[in-house]
Amino acid sequence: MQVTSGESQSGPPDSMVELRLPFFPPYDAQQVGGFLRARAIAGLEEHDDLGEGWVHRRAIPLPTGPVIVEVSVGDGHVLIRTDIDRSDTSHLEAIVRQWLDLDAEPQSLNEALSRDDVLRPLVRSRPGMRVPTTVDAWETLVRAIVGQQVSVAGATTVLGRLVAATRSASEPALGPFPEACAVADLGVDRIAQLGMPGARARALALVAQTAATGEVDLRNPDRAALRMQLLAMSGIGPWTVNYMQLRGLGDRDAFPETDLILKNNARRLGLPDQARDLALYSQRWSPWRAYAAHHIWSLPQG
């Protein structure tokens, strides 16, 4: 199958723009939908399950300003509906393709991962596994800091409070993720009141200040330099930076070896469960280590 660029459809009666973005099958739409649903931030996203399908709506930042975008998975494509100007569609397409991992070639990566006896049955059971990201590196970094040592549900709740704290009551129900300057303006004490420990609140305030001034470049970063820069900041460790690389920068070879669930599941599979040893073992899965991590994460609990 040849994957081409998105095809713009004739505008429906409400003048919304529709784009169909193809992908290489198989595509595990339920896995991607579950990821989006679990991490949907109030005020930023809405997720509706529709039987075997789903619709996800959220604000996406574009050069001309944020827009509300609705995405769903069809037969061999992702359908986008939005009211942006058609001149912005190529930029939106690029964001969505990375966000929902539409450029993966399952045949190639599955063959590579299946050479490992441990991963082979996992790959066979989930051949359409994808690595969803997020739509903006700044948003990803905030998600990573807030998500340190807490559950996905707990982090999502705090993130919803953060969005609400930077909005006025008169703004629409769905809006963009707060910019770095808006988070910096909250200050450490107000951030902590949202439900974050003091050290984590200080880390978020520091990152917001450096991102707002441009000291930390999240638009077109040198990945190695950004990693070193973030690790040098108090309150930011390897897990946060690995999450940023995987979810924010779309690095398909990123591997979060310090993640607790990943290490626990690795132990159940008979793999090394110490971070350093697991990272060394994971080199055999390169350049698809992010997919290997997702297969290990997906191990049924019990």
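Say whether the condition of being assigned to a strand (DSSP E or B) and not assigned by TED's automatic domain parsing to the domain that holds Gly235 is met by at least one residue in the stretch 82-89. There is at least one residue in the stretch 82-89 that is assigned to a strand (DSSP E or B) and not assigned by TED's automatic domain parsing to the domain that holds Gly235. Which ones in the stretch 8-36 are modelled with pLDDT of 50 or more and in a strand (DSSP E or B)? Hits for the stretch 8-36 are Val17, Glu18, Leu19, Arg20, Leu21, Pro22.
Within the stretch 90-109, track down each residue that is over 14 Å from the mean Cα position of the chain (by Cα) and within 21 Å of Thr140 (Cα to Cα). Matches in the stretch 90-109: His91, Leu92, Glu93, Ala94, Asp103, Ala104. Among the residues making up the stretch 180-211, a single one is farther than 15 Å from Ile145 by Cα and either at pLDDT below 95 or buried (at least 20 other Cβ atoms within 10 Å of the Cβ) (or both): Leu186.
Here's a check for you: in the stretch 160-179, which residue that is of a type in the set (Ser, Thr, Tyr) and surrounded by fewer than 13 Cβ atoms within 10 Å (Cβ to Cβ) is farthest from Ala205 (Cα to Cα)? Walk me through it before giving the result.
Applying the first criterion (of a type in the set (Ser, Thr, Tyr)) to the stretch 160-179 yields 166, 168, 170.
From the residues that got through so far, the ones that are surrounded by fewer than 13 Cβ atoms within 10 Å (Cβ to Cβ) too are 168, 170.
Values: Ser168: 21, Ser170: 26 Å.
Taking the candidates together, the pick is Ser170.
The criterion of being in a helix (DSSP H, G or I) and touching a helix residue (DSSP H, G or I) at 6+ places or on another chain (Cβ under 7 Å) does not hold for Ala182. Thr133 fulfils the conditions (1) part of a loop (DSSP other than H, G, I, E, B); (2) more than 23 Å from Arg161 (Cα to Cα) except for a single criterion, (2). Counting only residues that are over 26 Å from Val96 (Cβ atoms) and assigned to a helix (DSSP H, G or I), how many does the stretch 249-300 have? Total satisfying the criteria: 21.
Could you check the stretch 212-223 and list, in sequence order, the residues that are under 20 Å from the mean Cα position of the chain (by Cα) and part of a helix (DSSP H, G or I)? I'd like the intermediate steps shown before the answer.
Restricting attention to the stretch 212-223, the residues satisfying the condition of being under 20 Å from the mean Cα position of the chain (by Cα) are 216-223.
Within the stretch 212-223, just Arg223 meets the criteria.
Among the criteria (1) modelled with pLDDT of 95 or more; (2) over 22 Å from the mean Cα position of the chain (by Cα); (3) closer than 25 Å to Val216 by Cβ, the one Arg167 does not fulfil is (1).
Quick grid of which residues meet (1) in contact with a Lys or Arg (Cβ under 6 Å, 6 or more places away or on another chain); (2) buried (at least 17 other Cβ atoms within 10 Å of the Cβ); (3) touching a residue at least 60 places away in the same chain (Cβ under 8 Å):
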site: Gly34; (1), (2), (3): no, no, no
site: Gly43; (1), (2), (3): no, yes, yes
site: His56; (1), (2), (3): no, yes, no
site: Thr64; (1), (2), (3): no, no, no
site: Ile95; (1), (2), (3): no, yes, no
site: Ala112; (1), (2), (3): no, yes, yes
site: Leu119; (1), (2), (3): no, yes, yes
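Exactly one residue out of Leu226, Leu246 is free of Cβ contacts under 8 Å to residues at least 24 places away in the same chain, surrounded by 16 or more Cβ atoms within 10 Å (Cβ to Cβ), part of a helix (DSSP H, G or I) and of a type in the set (A, V, I, L, M, F, W, C): that is Leu226.
Using the structure shown, decide if Ala144 is of a type in the set (Gly, Ala, Ser), touching a Ser or Thr at 6+ places or on another chain (Cβ under 9 Å), closer than 25 Å to His56 by Cα and not in a loop (DSSP other than H, G, I, E, B).
Details: of a type in the set (Gly, Ala, Ser): yes; touching a Ser or Thr at 6+ places or on another chain (Cβ under 9 Å): yes; closer than 25 Å to His56 by Cα: yes; not in a loop (DSSP other than H, G, I, E, B): yes.
Against the criterion (of a type in the set (Gly, Ala, Ser), touching a Ser or Thr at 6+ places or on another chain (Cβ under 9 Å), closer than 25 Å to His56 by Cα and not in a loop (DSSP other than H, G, I, E, B)), Ala144 qualifies.
The residue list Gly147, Gly175 contains one member that is small (Gly, Ala, Ser) and either more than 27 Å from Glu93 (Cβ to Cβ) or not assigned by TED's automatic domain parsing to the domain that holds Pro238 (or both), which is Gly147. If a residue has to be of a type in the set (Gly, Ala, Ser) and not in a helix (DSSP H, G or I) to count, how many in the stretch 101-128 make the cut? So the count comes out to 3.
The values are calculated or read from the model by the stated rules, or taken from the named source; none is laboratory data. Because the structure is a prediction, the values reported are computed rather than measured. A quick note on method: Cβ atoms are made from the backbone with ideal geometry, for glycine too, and the neighbour counts reach across all protein chains shown.
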